[in-house]
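All of the numbers you see were taken from the coordinates with simple rules; none came from a lab. Fair warning: this is a prediction, and the values are worked out from it, not measured in the lab. So basically every Cβ, Gly included, is an ideal-geometry build from the backbone, and we count neighbours across all protein chains shown.
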Amino acid sequence: MTEAKEAILLVGGKGTRLRPLTVHTPKPMVPAAGVPFLTHQLARARAAGVEHIVLATSYLAEVFEPHFGDGSSLGLHIEYVTEQEPLGTGGAIRNVAAKLSSGPDEPVLIFNGDILTGLDIRALVTSHNDSGADVSLHLTRVEDPRAFGLVPTDATGRVTAFLEKPQTPEEIVTDQINAGAYIFRRSVIDTIPEGRPVSVERETFPGLLASGAHLQGMVDSTYWLDLGTPQAFVRGSADLVMGRAPSPAVPGRCGDRLVLETATVAADAKLTGGTVVGAGAVIGAGARIDGSTVLAGAVVEAGAVITDSLIGAGARIGSRTVLNGAVIGDGAQVGADNELRDGVRIWCGAVLPDASIRFSSDQ
Ligand code: GDD
Ligand code: MG
């Protein structure tokens, strides 16, 4: 049994910013269940026996290292590599190869940095060792696979094709998609061309298949969520708090709510559905907050009713305001008696006066 001791975490590229929640914080650093999202992935990898993690990033890299340092607080050895220009997923993997110390036949884990999952990492390693594959992929099933990489397999789980972001109905040949966790045999990483952008999904996987390489899929129906949108981020944070998404990094016991130490919550405020209240945040009397994330220093005034929403750091939500599926940017001020719904996004620092927007009809 060859254990996977090393992992590469991909946290660069275009999708890393969570706009407009915050312009300056890369998504992996926005708190989910009270800690930067990336902490959950790092802690889960550690729990599966990984000791060394290389963070491959392409911008705003300077926020990762001050927070995670050498990784020792998580029991890890973490190194950081920043691309001058984004190299794509495959290019990013190739670009950090020199940091790996695994032998040519040893398994190296690779994770997309924007996935929340209950994947049994050790089971993926075992499957990889048992099948003798060059690359193993975690696959999951989704209803609408168009935003993902489609991965059909044969009866033995061997991958037969890799179709990134299928466009036509004929291309949708399966509901199995690439879940963003791989194991590469170390020597396979070295075959990725160096020094230019490479997409692992559009170039490396199809190329390996064409050359007869063995790609093995492991379909696993555990918790899986792509945090590509702020709404998904809120969902993921709530699922972490409630224990649906397992992570050793949730600070505190899992339950209906997570209130960080320095937050102030009025005695009659009601927090449910995995709501997180960040450090220094203040929740006023009678406020009701369900399935939402309130980031550090935000203020929710008395009687506000908030559902499935993200309240940015230092933002203020006025009395009796109703938010449903809303994203409020850092430092934004939403006055009293507003009603914001269904995917609305308020820019960082924007100011919305009292009683200026509502959706309900005249009464
Ligand atoms: N270092 C670095 N450099 N990382 C990158 C770069 C880059 O140039 N480009 C993307 N990444 C990282 C992203 O930060 C993310 O963590 C991961 O690679 C995947 O990139 P996304 O841009 O989020 O891709 P996607 O969500 O459209 O699709 C990917 O994920 C799906 C699952 O969520 C693909 O891997 C699909 O096949 C997959 O189904
Ligand atoms: Mg993504």
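Across the range 256-352 the C-alpha pair distances fall into 10 Å bins from zero in the proportions 21, 61, 19, 0 percent.
Would you list the membrane-span-like helices of the chain, meaning whole DSSP H runs whose alpha-carbon atoms span at least 20 Å along their axis and whose mean Kyte-Doolittle value is at least -1.0? Walk me through the numbers on the way to the answer.
Working: long enough: none.
Long hydrophobic helices here: none detected.
Beta-bridge orientation, the chain: approximately 30 percent antiparallel, per DSSP, counting only bridges with both partners inside.
So for the range 7-134, considering every pair of alpha-carbon atoms, how many percent are separated by more than 21 Å?
39 percent
Taking Cα centre as origin and charging only the Cβ of basic (Lys, Arg, +1) and acidic (Asp, Glu, -1) residues, the dipole magnitude of the range 249-361 rounds to 80 debye. Relative contact order, whole percent, for the chain stands at 15, derived from Cα pairs under 8 Å and 6 or more residues apart. Between A232 and A350, the modelled label-to-label distance comes to 2.3 nm, taking each label 7 Å out from Cα in the direction of the beta carbon. Whole-Hz Karplus values for the range 174-187 come out as 7, 9, 8, 10, 5, 8, x, 9, 10, 10, 9, 5, 3, 5 Hz, taken residue by residue from phi with 6.51 cos²θ - 1.76 cosθ + 1.60 and θ = phi - 60°; glycine and proline positions read x.
Amide H contacts of T160: T153, D154, each under 5 Å away and 5 or more positions distant or on a separate chain (H built 1.01 Å from N in the peptide plane; Pro and chain starts excluded).
Divide, for the range 6-226, the radius of gyration over alpha carbons by 2.2 N^0.38 Å, where N is the residue count.
Numbers: Rg = 16.5 Å, N = 221, 2.2 N^0.38 = 17.1 Å.
The range 6-226 yields a ratio of 0.97.
Note on the chain: GNM, Cα springs under 10 Å; of P169, P104, P248, the largest mean-square fluctuation is that of P169.
With each label modelled as a point 7 angstrom along the Cα→C-beta vector, the T168-R141 pair spans 2.7 nm. Once you have a ≥ b ≥ c as the square roots of the Cα gyration tensor eigenvalues for the range 131-202, tell me rounded if a/c is under 1.5, and otherwise prolate or oblate according to whether a/b is larger than b/c. Oblate, because a/c is 1.5 or more while a/b does not exceed b/c. Loop-resident GluC sites (Glu not before Pro) (DSSP state other than H, G, I, E or B) in the range 138-232 with no more than 13 further Cβ atoms inside 10 Å of their Cβ: E143, E194.
Most exposed first by the Cβ proxy, i.e. fewest other Cβ within 10 Å, how do V219, V198, V11, V299 rank? Numbers along the way, then the final one.
Details: V219 16, V198 22, V11 28, V299 19.
Fewest-to-most Cβ neighbours within 10 Å comes out as V219, V299, V198, V11.
Scalar couplings 3J(HN,Hα) for the range 327-344, obtained by applying the Karplus form with A = 6.51, B = -1.76, C = 1.60 to θ = phi - 60°, are 10, 10, x, 3, x, 6, 10, 9, x, 5, 6, 9, 9, 10, 9, 6, x, 5 Hz; x denotes Gly and Pro. For K99, the lysines whose Cα comes closer than 23 Å to its Cα, not counting residues fewer than 8 places off in the same chain, are K5.
Between D268 and D70, the simple label model (points 7 Å from Cα in the Cβ direction) yields a spacing of 5.4 nm. Let me check I've understood the local charge: for K5, count other residues with C-beta under 10 angstrom from its C-beta, Lys and Arg +1, Asp and Glu -1. What total comes out? In short, -4.
Between the amide H of L258 and those of T275, V276, V277, distances stay under 5 Å, these residues lying 5 or more places away or on another chain, with hydrogens modeled in the peptide plane.
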